[in-house]
1. Filter region A:130-150 down to the residues that are buried (at least 16 other Cβ atoms within 10 Å of the Cβ) and in contact with a strand residue (DSSP E or B) (Cβ under 7 Å, 6 or more places away or on another chain) and list them by number.
2. Just to be sure, is A:Arg119 over 20 Å from A:Lys137 (Cβ atoms), outside any helix (DSSP H, G or I), within 10 Å of DNA strand B (Cβ to nearest atom) and among the charged types (D, E, K, R)?
3. Six or more apart or on different chains, Cβ under 8 Å: which pairs go from a residue in region A:148-173 that's acidic (Asp, Glu) to one that's within 13 Å of DNA strand B (Cβ to nearest atom) and not in a strand (DSSP E or B)? Could you list them?
4. Tell me, which strands (runs of 3 or more DSSP E) lie completely within region A:189-273 with 1 or more residues that are within 16 Å of DNA strand B (Cβ to nearest atom) and closer than 28 Å to A:Pro20 by Cβ?
5. Can you tell me which residues in region A:141-159 are in a strand (DSSP E or B) and within 13 Å of DNA strand B (Cβ to nearest atom)?
6. Within region A:31-38, can one find any residue that is farther than 24 Å from A:Arg221 by Cα and crowded, with 19+ Cβ neighbours inside 10 Å?
7. Can you confirm whether A:Arg12 is within 12 Å of A:Pro255 (Cα to Cα), assigned to a helix (DSSP H, G or I) and within 15 Å of DNA strand B (Cβ to nearest atom)?
8. Hey, could you check region A:100-116 for residues that are assigned to a loop (DSSP other than H, G, I, E, B) and either over 14 Å from the mean Cα position of the chain (by Cα) or not β-branched (Val, Ile, Thr) (or both) and say which is farthest from DNA strand B (Cβ to nearest atom)?
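The values are calculated or read from the model by the stated rules, or taken from the named source; none is laboratory data. Predicted, not measured: the structure shown is a model, and the values here were computed from it. Positions of Cβ are generated from backbone atoms using ideal geometry, with glycine treated the same way; all protein chains shown enter the neighbour counts.
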Amino acid sequence: MRVATWNVNSVRQRVPRLLPWLDERRPDVVCLQELKVTREAFTDLLGAELTARGYEFAVHGQAQWNGVAILSTVGLDDVQAGLPDEPGFPAPADDPEARAVSASCGGVRVHSVYVPNGRTPGSDHYRYKLAWLAALKAAVAAGPEAALVCGDMNVAPADADVFDPAAFVGQTHVTAPERAALAGLESVGLRDVVRDHWPDSRVFTYWDYRAGMFHQDRGMRIDLILASAPVAARVRAAWVDRKARKGTAPSDHAPVIVDLDEAPDGDIGPVVPPPSARPAKN
DNA sequence: ATGTCTGTAGTATACAGA
């Protein structure tokens, strides 16, 4: 099963890139962020094209900003828009921003998330970001054992995940509270599978449009695929599709792609029989 | 040096968010 996540920075603008990319990479499950359209507009734009390619889709959208989706060829069950007890901005929000959608796809609980940017450390928006990450952790902790959290985390997990750590001191995306909030997701069992597979490599997923940042590979790794233990154990490949950042009218983010081995039959993860069922040794 | 791209309002160009 191939799973991908991509912040498309307006799906309306990215249709000419998204459809050829689906045809080339053939992901079974796709998490999209920053749709910047309503569900109705998404369906009008892409419904027929996605259906023709065998995808079901779940969209949590809004006009103008945010918006997340999951596309799947391997089932799309128990769709949930938003997070339980999701904070809003400005708080309290009677109409939370469209930043999370989850569904069960091929036996895995998949979350497509667009974490708030945070803007400036110490700001209201920064506090909202930390509260939002706490709500995401709670949602994952309360969910099934087999889980994937995919999306734009708007946090660089470590200094190796930004092109120049000195340039980011005091900026959002790298502060200790943000990294602690991300580590909170690891404390409920999630693994950063791209970093696990490329422990010493320069790997970025986002490059500012300005000043030739992509050309100079001055980027950040803020789009992550986080997997719970039974899913992380199935990861066969994990990589950033930099080709999608090149060419005409790209998003400023590249897709992240993970290939999973088939799940073991019958259950997830290794099955340890009860002591009474174990053959006696010698 | 604040460089680009996006959506909105509204019809030319300014603003805000990232």
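1. A:Leu136, A:Val140, A:Gly143, A:Ala146, A:Ala147, A:Leu148, A:Val149, A:Cys150 - these are the residues of region A:130-150 that are buried (at least 16 other Cβ atoms within 10 Å of the Cβ) and in contact with a strand residue (DSSP E or B) (Cβ under 7 Å, 6 or more places away or on another chain).
2. Details: over 20 Å from A:Lys137 (Cβ atoms): yes; outside any helix (DSSP H, G or I): yes; within 10 Å of DNA strand B (Cβ to nearest atom): yes; among the charged types (D, E, K, R): yes.
Considered against the rule, which asks whether it is over 20 Å from A:Lys137 (Cβ atoms), outside any helix (DSSP H, G or I), within 10 Å of DNA strand B (Cβ to nearest atom) and among the charged types (D, E, K, R), A:Arg119 comes out as yes.
3. A:Asp152/A:Glu34; A:Asp152/A:Val115; A:Asp152/A:Ile222; A:Asp161/A:Ile222; A:Asp164/A:Arg218
4. Details: elements: A:223-227, A:235-240, A:256-260.
By residue number, A:223-227.
5. Within region A:141-159, the subset in a strand (DSSP E or B) is A:147-152.
Within region A:141-159, A:Gly151, A:Asp152 qualify.
6. Yes, region A:31-38 contains at least one residue that is farther than 24 Å from A:Arg221 by Cα and crowded, with 19+ Cβ neighbours inside 10 Å.
7. Working: within 12 Å of A:Pro255 (Cα to Cα): no; assigned to a helix (DSSP H, G or I): yes; within 15 Å of DNA strand B (Cβ to nearest atom): yes.
Taking the combined requirement at face value, the residue does not satisfy it.
8. In the first step, residues of region A:100-116 are kept if they are assigned to a loop (DSSP other than H, G, I, E, B); the result is A:106-107, A:115-116.
After this cut, where a residue has to be either over 14 Å from the mean Cα position of the chain (by Cα) or not β-branched (Val, Ile, Thr) (or both) as well, the list is A:106-107, A:116.
On the way: A:Gly106: 30, A:Gly107: 32, A:Pro116: 6 Å.
The extreme case among them is A:Gly107.
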